[in-house]
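First the structure, in the form of structure tokens, and then the observations on it.
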Amino acid sequence: MSHNSFGHLFRVTTWGESHGPAIGCVIDGCPPRIALSEADIQPYLDLRRPGQSSFVTQRQEADVVKILSGVFEGMTTGTPIALMIENTDQRSRDYGEIAERFRPGHADLTYELKYGIRDYRGGGRSSARETAMRVAAGAVARKVLGPDISVRGALVQMGPDAIDRAAWDWGQVGQNPFFCPDPGAAARWEGMLAAARKAGSSLGAVIEVVAEGIPPGLGAPIYAKLDADLAAALMGINAVKGVEIGEGFAAARLAGEANADELRMGPDGRVAFAANHAGGILGGISTGQPVVARFAVKPTSSILTPRRSVDRQGREVEVVTKGRHDPCVGIRAVPVGEAMLALVLADHLLRHRAQNPDAPSEARLPRN
């Protein structure tokens with residue numbers, strides 16, 4: 001099985017299965033002399049960790065990360081950084097009944113057709129458990145980006161119910177179990193999700209990720225567009241079925257004069273934008289504005305409601321997925337989306353520095 005790595009100069013390879021002894025990753029290309037310890041990584045893993053509320057899977061994993069290499073006396077050395085998390089709460093018996101059956105909506109069938117073998121215990125390699133290592137690697141990427149660049153995410157829609165953007169408050173994201181910036185929406189979602197779980201069903205979600213403090217110039221005009229790499233990274237998260245940058249699909253409803261972000265000269269000599277419909281990226285290159293992206297997560301396919309399927313012998317069967325599952329997998333996808341945004345930005349920042357070491361860090365025009 002190939003394609004377990006992503007990134008170019010800042011490259012991450014993940015390994016491990018949902019019910020194996022451990023999961024891990026190797027980060028290649030991290031610059032030397034960056035202060036790094038487990039304490040820099042653990043807080044982000046704690047945000048993604050299962051079992052923290054009644055609205056997520058009750059699998060109890062501490063997700064304690066260990067740095068195995070690439071750090072000496074608290075500093076990165078420039079050599080590969082290996083990270084590992086032990087799996088401690090696997091219940092493989094929960095999956096015994098689907099060993100010969102393909103769960104609708106899961107990768108069971110396609111995995112079997114491609115490889116002729118699959119680890120049915122929680123999906124094996126295709127499990128969202130793998131995303132813990134993306135979050136760990138994303139924490140290292142944040143150290144590469146530095147303190148002047150922030151990466152934040154929020155859940156902005158659950159099922160058909162979207163937040164009121166006029167009520168957006170980043171301070172609320174950490175005050176509810178949904179990473180929701182609108183306290184009114186968070187209150188509604190509690191009832192929605194409780195009803196879905198009681199009915200043996202699940203709900204989808206939309207997550208928005210925002211990076212601020214991004215310098216202009218990241219990305220390239222043709223085959224390394226920043227938005228293209230970001231879309232691929234977010235689309236690569238389990239259960240994601242759609243990605244948009246800036247206005248995204250809504251831009252198709254705008255007239256040209258409304259969608260074009262007008263330019264002004266600011267009093268400080270920097271170029272200012274009247275709006276950010278482009279999501280901080282024009283022609284595949286960052287503008288210096290906030291980079292804004294959203295991604296849609298489908299409803300969790302592991303549900304108690306019986307669904308028709310087939311087994312490995314080609315017989316039609318009925319499947320009920322037992323075990324501990326997220327009624328809305330989009331909730332814990334918020335820190336994963338943040339991590340993927342951070343990873344793409346760190347990779348592009350290193351590429352930009354390599355090609356343009358003297359490039360300006362602000363949107364200032366050269367004076368004659």
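The values are calculated or read from the model by the stated rules, or taken from the named source; none is laboratory data. Here the structure is a predicted model, which is why all the values come from computation and not from measurement. Ideal geometry is used to build each Cβ from the backbone, glycine not excepted, and the neighbour counts take in all protein chains shown. Remember, those area values only see protein heavy atoms, side chains included, never the ligands or the DNA or RNA. Shrake-Rupley method; radii C 1.70, N 1.55, O 1.52, S 1.80 Å.
Note: relative contact order over the chain, using C-alpha pairs below 8 Å and six or more positions apart, is 22 percent.
Shape analysis of the stretch 179-326 places it in the prolate category; the axes a ≥ b ≥ c from the Cα gyration tensor give an a/c of at least 1.5, with a/b above b/c. Under a Gaussian network description of the chain, with springs only between Cα atoms under 10 Å, the residue in ARG125, ARG351, ARG270 that fluctuates furthest is ARG270. Computing the accessible area with a 1.4 Å probe over protein heavy atoms, can you report the carbon and sulfur percentage for the chain? Percent of accessible area from carbon and sulfur atoms in the chain: 54.
How high is the relative contact order of the stretch 161-274? Use alpha-carbon pairs under 8 Å, at least six apart in sequence, and give a whole percent. Spell out each step's value before the answer.
On the way: 64 pairs, mean separation 10.9, N = 114.
Relative contact order for the stretch 161-274 comes out at 10 percent.
Annotation: lysines with alpha-carbon distance below 18 angstrom to LYS143 (same-chain offsets under eight excluded): LYS66. Across the stretch 131-266, Cα-Cα pairs more than 27 Å apart make up 33 percent of the total. In the context of the full set of protein chains, residues of the stretch 203-357 present 45 Å² of accessible surface per residue (probe radius 1.4 Å, heavy atoms only).
For a straight C-alpha distance cut-off of 22 angstrom, the lysines reachable from LYS198 (same-chain residues fewer than eight places away being disregarded) are LYS298, LYS322.
How long are the semi-axes of the equivalent ellipsoid of the chain, defined as square roots of 5 times the Cα gyration tensor eigenvalues? Whole Å, largest first.
Numbers: eigenvalues 258, 130, 72 Å².
For the chain, the semi-axes come out at 36, 26, 19 Å.
Take the chain, mark every one of the GluC sites (Glu not before Pro) that falls in a DSSP loop and has at most 11 other Cβ within 10 Å, then report the longest stretch left between them, sites excluded. Longest gap between qualifying sites, sites excluded: 74-261.
Each 10 Å bin from zero holds the following percent of Cα-Cα pairs in the stretch 95-172: 14, 26, 25, 25, 10, 0. Computed over Cα pairs, the Kirkwood radius of the stretch 241-368 leads via Stokes-Einstein (1.567 mPa s, 4 °C) to a diffusion coefficient of 68 µm² per second.
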